[in-house]
C-alpha cells in the first residue's frame, strides 16, 4: 500500500515538475530557452521546493531560491511574501530542525551515537578482533520476550556481533564491528523495533520514575475505559433480555464504542508497537495475537456499531488492555533497582587522598587523579585510595572487605597495600602503583560486570509458552475463518474474532509476574529482598550453596571467647589497649567489664562495644610499640599484651600451662593474646569471630532439602576447617585461602584457573545450580557469576548490588525460608499455568466449533485472568517463619 502511495506521489510530482518547467522555461532568456532544446542540455538535479520542501528535478543552474514543485507552491510562496510574512520560512526551518532531533527514527537523532564525547561513560571500549563494546540505557523494555527479540535481531545485522539485555536495570551491552556497521545504525534499528537507547547516566532512577508514571497513566486510562465500558455493556445485555428503545440502544453502543476505541488507541498502542517489531524480525511475540485480536475486534465492533447490527466487543477489549497493562507494570516494578552500580568503586574507596609534596607537606587531591609514582599519606582508620607499596612506617591492615580475612595483618616498609582496605594502627606513607580501574578492587569490579554480562536473560516461562501460543492461536484463527467463510464469511469472521478474544494470552501473561510479585512482597515482609524474580524460580531446584565465612557464617567482628588464667589480666590488657585503634583492642575493651563467666562475655559484648575500664584503671607511661603487641603500665606494674611470638621476643617468662593454651587456641583457628605482668605471663585471651546464631541448624535444613553446602573463604584454611566442623560442612567442601578470582572460578562452573592463588588445589566444578551467599566486596564477582547470588547483612555495597537477593535481617534461617518460599512459588506458577492453559484449550475448542459467539467470548475472556489472580492472592508462598535458632 505504501509503495502504491509513493508511486502515485512520484507520478504527480513528475507531472507537476513537467508542467511547471514550461513556466520556468518561459521566464528564461531566448538563448537559454533555445539551448534547452539542444541535445547537450545542462545537468538535471534534485533540489527542495522552497515552500513545501519536496525534492524537485530542475536544471543545475536554476536559482535555488525560486524552486517550486508545482504552481500551487509558487502561488503560496508569492502570497506569503506579498503579505510580508517571509519570516514564516525561517521559523519553519528552525522548528523542523528541532523536531527532527526529537522524533524517533530521524537519522539526525542517532548520528551523535558515533561521537564518543556524546556517549560519555557509554563510549565504546576496544575489544579483541577490532570490535567495540558499549553499555547503553534501554527504553521500552517490558518482558523477557522483548529481550529475546532484541538479542535475535542482532544476528540479522551484519557487523552487530552481540546484544546482551539486562532486565534488572534496563541496559544493553552491544558488541559491534565499527568497520561494518556504525553504532548509530544499530540505534536506528533498535528504534524501528520499538526500543530506544541512550547513553548511561547517573539519573537512571529518574528514568524509572518516568516509566513508572507513564505506565500508571496508561493503566488509569485503560481502567477508566474498561469500568465504564463494562457498565454500558451490562445495560446492553439487560436490554437484550428485557427490551430497550432503539435510540437508547444506539446511544449506549456509541458510547461503548468510543470508550473501547480510546482504550485500544491510547494505552493499547504499546501492543501494536510490539506486534510490528515482531513482524519486522519474524519473531513470535505475545503482543502479536493481542494486537491481532484488538484489531479484528475493533474493526468488527466498529462496523457493527455503525450499522446497528451484531455485537460490539469494546468492553472486553478495554478489559483486556487493562489487565495486560497491570501485568506489565508489575513486571516493571520487579525489575526496578535503586541505583546503578557504576559508582560502586567510589563507595568503597575514599574520594580524596593526601598526596605528599616535595617539601613534606600534604595536599588533598581527588583519588581519581592519583598517578603511579605519587606518594600519599594514609592515617590510622582511613581506607587506602589506591594500590601501592609502603615506603615509611609500620601498621596493621584490615583486609576483610577485599579478602575476607577475619583478623588484621601486619604490614611494614616494602609490603603491598590494596585500595579499599583499612589502615588500622598508625599513619604510613605509600607509593602509588595503581588506582581506579587498574587497582585490585577495580579489577574485581570489572569481573563483576563481566560475570553479569555473561548471563543470558532468562525468558520467563510465560514468554516461552507464549511464543508457541502466538503461532498456534493465529493459525487456528485463520483455520476457523476458512472453515466457516465458505458458507458465510460473516460467521467465519465472528468465529475468528471469538477465538482471538477468548484465547488472548492474558492469563499466560499475568501468571508468572503475578505469582512472583506476590511472593516478592511477602518475602519482603520477612526482610528478604528479591530484586530479580528469575532468581526465585531458580532456587526452586537444587545444587550447591556456597557460604562465605567472615560476616556470613560468622558475625564478622572479634570477641573474647575464652579467658585462661588470671582474670585480672583482662582488666590490665584493657587498660593499656584503651587508645589503641585495632579490632583486637576493641574486643578486649568490650569484654573487660563483663561478668567472669564465658557465656556472659559472649552474650554481652555486642551491647557493650564501648565498654572499658574506669578512670582508676587508666594506664600510665603507655607506649605503643612494634607490630604484634602493646607495652604499658597499669597500677604500678609493667604490662605487656600481644601474640605469643611478641611476648617471647620481650624475654617474658611463659608458664607451660599458658603456653600450651595459646598453642591450642592457635591450632583451633582462634587468635591467642598473652598478657604478662612484671615479665611473667598471667593470662591467655582467646579472641575469635563467633558463629551466627542458627548457622548449624540452617545448614542442616538445607542439606535435608537436597542441597550440597560448602564454604569459600579468604581466611586461613585451618580457621575455615574449624568453622566447617562446627556447622556440619564436609571438609572436602570447606575451602580457605581463596582470592576473589578463585571464588569466581568455582561458582561460575569454570573450574580452577590460574587467577589468584589458593593454599591448595581448587575443586572441580560442581554440577547443578551454583548459589553464592556472601557478605563482603571480595564476594562481588562470585555473587554476580553464580546462578543465584545472595548478599547478607554487613557486606559491602558492591556485594548488595551484584546479588539479586539481599537478606536484610542477616538471619541464616532466612536462607531456609527463601528456599522453601521459592519452591512454593514454583508450584503456584505451575498451577496457574495449568488453569490458564486448560481454560484456553476448552475455550479455543468451543470457538473453533462455533459454539460461542464473540459476545460469549467477551464474557468468558476475563475468567482466566480472574482465576489466576484469585489463586495467586490465596497462596502463602512465605507463610511460615522457619527460622531455626541455634542453641548451645
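Only the coordinates and a few stated rules stand behind these numbers; no lab work does. It should be emphasised that the depicted structure is a prediction, and the values quoted were computed from it without experimental measurement. We place every Cβ from the backbone using ideal geometry, glycine too, and count neighbours over all the protein chains shown.
Highest-first packing order for the peptide set 172-184, 645-657, 817-829 is 817-829, 172-184, 645-657, based on the mean count of other beta carbon atoms within 10 Å. Peptide packing: for 124-131, 717-724, the average count of neighbouring Cβ atoms within 10 Å per residue gives the ranking 717-724, 124-131, highest mean first.
Here the gap between residue 179 and residue 123, fully extended at 0.36 nm per residue and compared with their Cα-Cα distance, gives a gain of 18.5 nm. What FRET efficiency do you get for residue 831 and residue 478 if R0 is 30 Å and r is their Cβ-Cβ distance, rounded to the nearest 0.05? Efficiency, from the Cβ-Cβ distance: 0.40. Sorting the segments 697-703, 725-731, 586-592 by their mean number of nearby beta carbons within 10 angstrom, highest to lowest, gives 586-592, 697-703, 725-731. Rounded to 0.05, the FRET efficiency of the residue 392 and residue 666 pair, given R0 = 35 Å and the Cβ-Cβ distance, is 0.65.
Calculated FRET efficiency, residue 849 and residue 732, Cβ-Cβ r, R0 45 Å, to nearest 0.05? For R0 = 45 Å, the calculated efficiency reads 0.10.
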